[in-house]
Amino acid sequence: MHIDILTVLPELLESPFQHSIMKRAKDKGLLKVQVHPLRKWAVNEYGQVDDYQFGGGAGMVMMCEPLAKAIEELSLSRKYDEIVYLTPDGEMFNQKMANTLSLNENMLLICGHYKGIDQRIREHFITREISIGDYVLSGGELAAAVLVDAIGRLLPGVLNDETSALFDSFQDDLLAPPVYTRPEDFRGWKVPEILMSGNHKKIEEWRYEQSLQRTKERRPGLPGELSPE
Ligand code: 6GU
């Protein structure tokens, strides 16, 4: 998968994809992330990409021209399956959406800033608007990083048995069960006996029960909790 990210703050996205699983995805050639500074398409020599909003009011709006030029130029090299605008009024991101988006070949992510981007760009170029939760971030960059991480780890070949996505929280609409490692007794706090039994069938049953119970307590609305089996 190839992901282009358009941003006024490219520095903010230098590190997130250079570690751990994202690094492995990159090293294996399964995921390429390219960050493009929007100021490259600025309207003047001062690097201007935003302006006051029509109708008055506080806050700047990201202008049409830099965004349109950037999107059109980037679209010459790649046929995008989705051009995504990260915005708090977008569709709420979840695991199901990550699964769907992981099937794409090429995506362009656009990070908003200030009051957001001119509505005409949203109407004429953007194919999908996504929010990562009901709170406001100062810009779309961290949201873009969240998307790339959640999607990147789902690409076939990125995870191995040890890190398999099959047992992630949410993958079956249930939260993951509790986990333990050595020592078996830490300060008198013991690991549940069943996990030391070697009975894999019983252990799986116990984990499933724990998942159900956790989901019921913490996220009663998740579909897996409403209809077990
Ligand atoms: Cl995608 N952008 C911003 N600026 N804030 C957010 C968000 C996105 N998702 C939740 N809050």
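Points worth noting:
- Nearest-ten-degree value, helix 64-77 long axis tilted from longest Cα axis of the chain: 70 degrees
- Heavy atoms of residue 200: accessible area, 1.4 Å probe, square angstrom to 10: 140 Å²
- Antiparallel bridge percentage (DSSP; both residues within region 2-152; nearest 5): 15 percent
- Given R0 = 22 Å, the distance between the Cβ atoms of residue 169 and residue 208 translates into a calculated FRET efficiency of 0.95.
- Against the empirical 2.2 N^0.38 Å (N residues), region 2-152 has a Cα radius of gyration ratio of 1.01.
- Stretch gain in nm, segment residue 100-residue 40, where the contour uses 0.36 nm per residue and the Cα spacing is subtracted: 18.5 nm
- Each Lys or Arg adds one and each Asp or Glu subtracts one; over the other residues with Cβ under 12 Å from the Cβ of residue 112, this totals -3.
- Residues considered: 96, 202, 115. Largest GNM mean-square fluctuation over the chain, using C-alpha springs under 10 Å, is found at 202.
- Estimated 222 nm signal from helices in the chain, with DSSP H stretches of n ≥ 4 weighted -39500 (n - 2.57), rounded to 500: -9000 deg cm²/dmol
- Residue 218 contributes an accessible area of around 150 Å² to the protein surface, as traced by a 1.4 Å probe with all chains present.
- Taking 63, 22, 92 as the candidate residues, the one with maximal mean-square fluctuation in a Gaussian network model of the chain, Cα springs under 10 Å, is 92.
- Taking 0.36 nm per residue of separation and subtracting the current Cα-Cα distance, fully stretching the chain between residue 187 and residue 82 would add 32.6 nm.
- Total charge dipole magnitude, region 176-229, about the Cα centre, Cβ charges on Lys, Arg, Asp, Glu only, Debye to nearest 20: 200 debye
- Label-point gap, in nm, between residue 58 and residue 201 - each point 7 angstrom along Cα→Cβ: 6.5 nm
- Label-point gap, in nm, between residue 115 and residue 73 - each point 7 angstrom along Cα→Cβ: 2.7 nm
- Taking GluC sites (Glu not before Pro) across region 44-78, the ones in a DSSP loop with at most 16 further Cβ atoms lying within 10 angstrom of their Cβ are 45.
- Crossing angle, helix 200-218 versus the chain [Cα axis fit, 0-90 degrees, rounded to tens]: 50 degrees
- Here the gap between residue 89 and residue 135, fully extended at 0.36 nm per residue and compared with their Cα-Cα distance, gives a gain of 15.6 nm.
- Take residue 191: with every protein chain present and a 1.4 Å probe, its accessible area is about 20 Å².
- FRET efficiency, residue 32 to residue 123 (Cβ-Cβ, R0 30 Å, nearest 0.05): 0.55
- For residue 60, the amide hydrogen comes within under 5 Å of the amide hydrogens of 115, counting only partners 5 or more places away or on other chains and with H modelled in the peptide plane.
- Overall, the chain carries a charge dipole of about 440 debye about its Cα centre when +1 sits on the Cβ of Lys and Arg and -1 on the Cβ of Asp and Glu, all other atoms neutral.
- By accessible area, using a 1.4 Å probe on protein heavy atoms only, region 30-112 has 52% of its surface on carbon and sulfur.
- List 206, 41, ordered by accessible area with a 1.4 Å probe, largest first: 206, 41
The values are calculated or read from the model by the stated rules, or taken from the named source; none is laboratory data. For clarity, every value in this text was computed on a predicted model and none was experimentally measured. Methodologically, a virtual Cβ is constructed for each residue, glycine included, from the backbone with ideal geometry; neighbour enumeration extends over all protein chains shown. Heavy atoms of the whole protein, side chains included, go into the accessibility calculation; ligands, DNA and RNA do not. Shrake-Rupley method; radii C 1.70, N 1.55, O 1.52, S 1.80 Å.
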